[in-house]
Amino acid sequence: MDRLFFALGALSAFIGVALGAFAAHGLKARLDASMLVTFETGVRYQMYHALGLLAVGWACTRWPGWATTSSGWLFVAGTLIFSGSLYVLALTGERWLGAVTPIGGVMFLAGWLCLAWGVYR
């Protein structure tokens with residue numbers, strides 16, 4: 001699991017940098033200011049949790065167990081749901097996606113709690 005989470009973290013960071021550049025250079029003229037901020041929020045949280053996945057990969061080598069592994073999967077799912085919904089919302093204007101975003105946020109929170117528990121126990 002350590003290699004998988006490390007690889008997913010690196011890939012997520014790569015995608016986050018690419019999307020950040022896309023927002024700064026390709027979307028600035030196409031989106032209004034509030035939708036650009038929404039997109040950039042998705043990028044920011046994706047990058048935070050890409051780094052979190054790197055930490056999970058390392059933690060799996062030191063403190064393996066269900067909680068540490070769960071934290072990685074929660075970060076992956078949270079990124080897809082939280083950041084993904086913000087990307088689609090910003091690009092399409094579909095406001096109903098704003099109701100989905102908090103589910104990803106809860107997954108992020110649960111992932112951090114699982115990581116703390118996995119390391120502590």
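The values are calculated or read from the model by the stated rules, or taken from the named source; none is laboratory data. Being a predicted model, the structure only gives us computed values, none of them experimental. SASA here: full protein model, heavy atoms, side chains in, ligands and nucleic acids out. Shrake-Rupley method; radii C 1.70, N 1.55, O 1.52, S 1.80 Å.
Annotations for the structure displayed:
- Radius ratio Rg over Rh of the chain, counting only Cα atoms, Kirkwood formula for Rh: 1.04
- At the residue level, L80 shows approximately 130 square angstrom of accessible surface with a 1.4 angstrom probe and all protein chains present.
- Estimated at the nearest 10 Å², the accessible area of V76 is 40 Å² with a 1.4 Å probe.
- Entry note, the chain: relative contact order of 30 percent, from Cα contacts under 8 Å with a spacing of 6+ residues.
- Per-selection Rg to Rh, the range 59-121 - Cα, Kirkwood hydrodynamic radius: 1.15
- Helices assigned as whole DSSP H runs in the chain whose Cα atoms extend at least 27 Å along their own long axis and whose mean Kyte-Doolittle hydropathy is 1.0 or higher are found at 2-22, 101-120.
- Cα centroid separation - the range 22-70 against the range 97-121, whole Å: 13 Å
- Within the accessible area of the range 60-121 (1.4 Å probe), percent carbon and sulfur: 75 percent
- Solvent-accessible area per residue, Å², over the chain with all protein chains present [probe radius 1.4 Å]: 55 Å²
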